[in-house]
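Asker: After the structure tokens below, expect a handful of questions from me.
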Amino acid sequence: MKQLTLLATAVLLFASSPASAAIRTVTLTVENMTCVTCGPVVKKSLSRISGVTAVEVSAEAHTATVTYDDAKTSTKALIAATTNAGYPSQVRK
Ligand SMILES: [Cu+2]
């Protein structure tokens, strides 16, 4: 029983720790990418966010795959950046 309590405590600590910040990769579904010049615009809007380390845009699939440090930015900021550039997006489920 004691071991179980210790384990539960450890899990709780891990889950709430700020040290759990990590590099994450998310795929966004991006609207309005209708021609070849749209991809670079979307890519640029995401690349200049602090904390973003890599961006792969597929105009054909209407997606942007973004690698970022979740201590520095968030999916909310990524979505805001593409939306402000004229390309509303959402996290692909
Ligand atoms: Cu275009």
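Values quoted throughout were computed directly from the atomic coordinates according to the rules given, and no laboratory measurement underlies them. In this text, all values refer to a predicted model and were calculated from it rather than measured experimentally. Cβ atoms come from the backbone with ideal geometry, glycine included; neighbour counts cover every protein chain shown.
Asker: How much length is gained if the chain between Val26 and Lys76 is pulled fully straight, taking 0.36 nm per residue apart and subtracting their Cα-Cα distance, in nm to one decimal?
Answerer: Numbers: separation 50, 0.36 × 50 = 18.00 nm, distance 1.14 nm.
Roughly 16.9 nm would be gained on extension.
Asker: Right, here's the next one. Kindly list the residues of the stretch 77-93 that lie in the label zone of Thr34, defined by a backbone N under 18 Å from the point 7 Å along the Cα-to-C-beta vector.
Answerer: Backbone N within reach: 83-89.
Asker: Tabulate in residue order the Karplus-calculated ³J(HN,Hα) for the stretch 60-77, using 6.51 cos²θ - 1.76 cosθ + 1.60 with θ = phi - 60°, rounded to whole Hz; enter x for Gly and Pro.
Answerer: Result, rounded to whole Hz: 5, 8, 6, 10, 10, 9, 10, 9, 8, 8, 6, 7, 10, 8, 8, 4, 4, 5.
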